[in-house]
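Let me begin by presenting the structure, written as structure tokens, before commenting on it.
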Amino acid sequence: MNSSDTYLVTGGCGFIGSSFILLCRKNNKADIVNLDALTYAGNPLNLAELQNDSHYHFHKGDIGDKELVASLLEQYKPDAIVNFAAESHVDRSIFGPEDFMKTNIMGTFHLLQVSLDYWERHCKNNPGKRFRFLHVSTDEVYGSLGSDDPPFQETTPYSPNSPYSASKAASDHLVRAYVHTFGFPGAITNCSNNYGPRQFPEKLIPLMILNAREGKPLPVYGDGMNVRDWIFVNDHCEAILSVLDKGTPGETYNIGGNCEKPNIEIVRAITGVMDELFPDSPHVPHSSLIHFVKDRPGHDRRYAVDCSKITRELGWKPSMTFEQGLNHTVQWYMDNPQWVGSVRSGDYLKWLEKNYEKRS
Ligand code: NAD
Ligand code: TDX
């Protein structure tokens with residue numbers, strides 16, 4: 001891919017999509033067309049700094065809207081489509097799975113079908129037009145590991161356990177089937193837990209940062225010993241760029257941070273950073289705010305990702321240490337009260353009430 005390329009990015013107003021777009025524009029990597037439905041998780045403020053960038057175009061809409069997607073493909077003739085658009089929160093998928101099926105399965109299906117048509121008409125028989133469809137997925141499709149199991153590899157059988165991960169697994173299978181059946185140049189990335197600036201504060205790390213600052217309880221599910229493999233969001237975005245540039249169509253690439261930690265360790269690390277930043281706070285030690293609450297139903301015990309394939313084949317590896325990444329993230333939330341205010345709408349407050357009332 002080169003700097004005159006155009007990428008159609010879906011879900012670009014969300015956490016990872018916005019980081020990806022900012023990275024692309026910062027490096028003048030490609031022109032960006034961002035298609036986002038602006039659900040509760042999509043925040044135009046995430047990309048406010050691009051408002052005068054003539055190489056960035058925003059369109060509000062649904063990936064399942066075939067006419068709209070077809071017209072965008074005709075208008076912009078992108079060199080790649082990067083599909084971030086999804087419902088992404090596991091707890092929400094337990095309380096209300098329908099939107100997950102609509103966007104993650106049917107939305108991806110419609111996007112694929114329209115993209116296939118575009119590719120067949122404009123790229124397939126045109127040696128001058130290199131095209132990629134990159135589907136951004138999750139390590140959760142592989143299910144849950146025991147404490148002694150080896151990390152997930154690309155060949156690990158799918159075994160999704162939540163409505164969220166089942167919907168992502170279904171979308172991965174659709175991409176795979178379009179590659180196999182039609183020779184469509186799709187690739188899939190399965191990444192572990194991201195953290196960093198602009199993550200919606202329903203997810204563990206930003207929720208704990210904001211609650212700790214405000215002296216609210218820090219709700220740890222179950223015994224706090226569920227393990228996740230944490231990656232700083234920019235490392236994930238760099239990995240996606242390397243798959244777009246150097247990846248082989250039809251392949252799957254696992255992406256991870258080589259950073260397995262139990263949840264309680266993450267929460268304690270956050271309270272430690274808060275103690276250092278705010279030694280005069282009445283909530284010191286912030287660890288006194290930790291509360292163990294009722295577990296998530298079907299809570300996967302452990303995720304760990306073997307990302308040796310992308311390192312070996314494409315030369316990517318994570319660069320941010322957890323300590324650096326966490327300090328940077330906490331500081332970002334402290335420095336951006338306007339952003340925090342903007343996402344704490346009525347919907348967010350209703351969600352907190354619904355989720356955490358059931359756990360107390
Ligand atoms: P997010 O919830 O922060 O953002 C999702 C974005 O998609 C929002 O901007 C939303 O408005 C948009 N969207 C939702 N439905 C849409 C639709 N029908 N049409 C168009 N846009 C729509 O999610 P995120 O954390 O940035 O995750 C992005 C992608 O990465 C998802 O596919 C997710 O499954 C995957 N992923 C996330 C993580 C993680 O730790 N957050 C890890 C691995 C993979
Ligand atoms: O209040 C909480 N307390 C708590 O103990 C919350 C919100 C979470 N947790 C636990 C549940 C998980 O074990 O922390 C861990 C992380 O939870 P989430 O931030 O909800 O992430 P997770 O369920 O692991 O899924 C995330 O990583 C993979 C993303 O939300 C997915 O989109 C991605 O695919």
query: Label points 7 Å out from Cα along the Cβ direction at Thr6 and Leu68: separation in nm?
result: 1.8 nm
- request: Calculate how steeply helix 15-26 sits against the longest principal axis of the alpha-carbon atoms of the chain, using the helix alpha-carbon long axis, and give the answer as 0 to 90 degrees to the nearest 10.
  value: 60 degrees
- prompt: For the range 249-360, what D do you get in µm² per second when you plug the Kirkwood radius from alpha-carbon pairs into Stokes-Einstein at 37 °C and 0.692 mPa s?
  reply: 187 µm²/s
- prompt: Among 98-105, 232-239, 252-259, 155-162, how do they line up from the highest to the lowest mean number of other beta-carbon atoms within 10 Å?
  reply: 252-259, 232-239, 98-105, 155-162
Ranked order, Arg176, Arg132, Arg213 - accessible area, probe 1.4 Å, largest first: Arg176, Arg213, Arg132
- request: If a/c stays under 1.5 just call it rounded; otherwise compare a/b with b/c (prolate if a/b is bigger, oblate if not). Do that for the range 1-141, with a ≥ b ≥ c from the square roots of the Cα gyration tensor eigenvalues.
  value: oblate
- line: So the FRET efficiency between Gln113 and Lys354, C-beta based with R0 = 51 Å and rounded to 0.05, is 0.90
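Output the relative contact order of the range 208-360, whole-number percent, from Cα pairs under 8 angstrom with separation of 6+ residues.
In percent, rounded to a whole number, it is 35.
Quick one: pull the percent of accessible area on the range 76-137 belonging to carbon and sulfur, 1.4 Å probe, ligands and nucleic acids left out.
Reported share for carbon and sulfur atoms: 51 percent.
About the Cα centre of the chain, how large is the charge dipole given +1 on each Lys and Arg Cβ and -1 on each Asp and Glu Cβ? Please answer in debye to the nearest 20. Don't skip to the end; give the middle numbers.
Working: 35 positive and 44 negative charges, 66 e Å.
So the dipole magnitude of the chain works out to roughly 320 debye.
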query: Taking the Cα centre of the range 224-308 as origin and charging only Cβ (+1 Lys, Arg; -1 Asp, Glu), how large is the dipole, in debye to the nearest 20?
result: 380 debye
message: Let me check against my output: what whole-number percent is the relative contact order of the chain, with C-alpha pairs under 8 Å and at least 6 apart?
response: 17 percent
- request: Provide the convex hull volume over Cα atoms per residue for the range 122-166, in Å³.
  value: 118 Å³
query: In whole Å, what is the distance between the alpha-carbon centres of the range 114-128 and the range 289-331?
result: 37 Å
message: Rounded to the nearest 10 Å², what accessible area does Trp332 have for a 1.4 Å probe in the complete protein model?
response: 40 Å²
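Relative contact order for the range 142-232: what is it in percent, counting Cα pairs under 8 Å that are at least 6 residues apart?
21 percent
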Radius 13 Å from Cβ of Gly61, net charge of other residues (Lys, Arg +1; Asp, Glu -1): -2
Probe 1.4 Å, protein heavy atoms only - accessible area per residue of the range 37-126 in square angstrom: 47 Å²
task: Starting with the highest mean, order 187-198, 119-130 by the number of other Cβ atoms within 10 Å, averaged over the residues of each peptide.
output: 187-198, 119-130
- request: Just grab the label-to-label distance for Lys246 and His59, each label 7 Å out from Cα along the Cβ direction, in nm (one decimal).
  value: 3.2 nm
- prompt: On full extension of the chain, what length is gained from Arg312 through Ser287, given 0.36 nm per residue of separation minus the C-alpha to C-alpha distance?
  reply: 5.0 nm
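Using 0.36 nm per residue, how much length does the chain from Lys26 to Ala48 gain when fully extended, once their Cα-Cα distance is taken away?
6.6 nm
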field: Quotient of Cα Rg and 2.2 N^0.38 Å for the chain, N being how many residues it contains
entry: 0.97
message: At 1.4 Å probe size, what's the solvent-accessible area of Glu74? Round to the nearest 10 Å².
response: 70 Å²
message: What number comes out for accessible area per residue over the range 203-257 if the probe is 1.4 Å? Units Å², please.
response: 26 Å²
message: Pick from Phe109, Phe133, Phe182 the residue whose mean-square fluctuation is largest in a GNM of the chain, springs joining Cα atoms under 10 Å.
response: Phe182
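The values are calculated or read from the model by the stated rules, or taken from the named source; none is laboratory data. The shown structure was predicted, so the numbers you read here are calculated from the model rather than taken from an experiment. Quick reminder, even Gly has a Cβ in these numbers, built from the backbone with ideal geometry, and neighbours come from all protein chains shown. Side chains included, ligands, DNA and RNA excluded: accessible areas come from the protein's heavy atoms. Shrake-Rupley method; radii C 1.70, N 1.55, O 1.52, S 1.80 Å.
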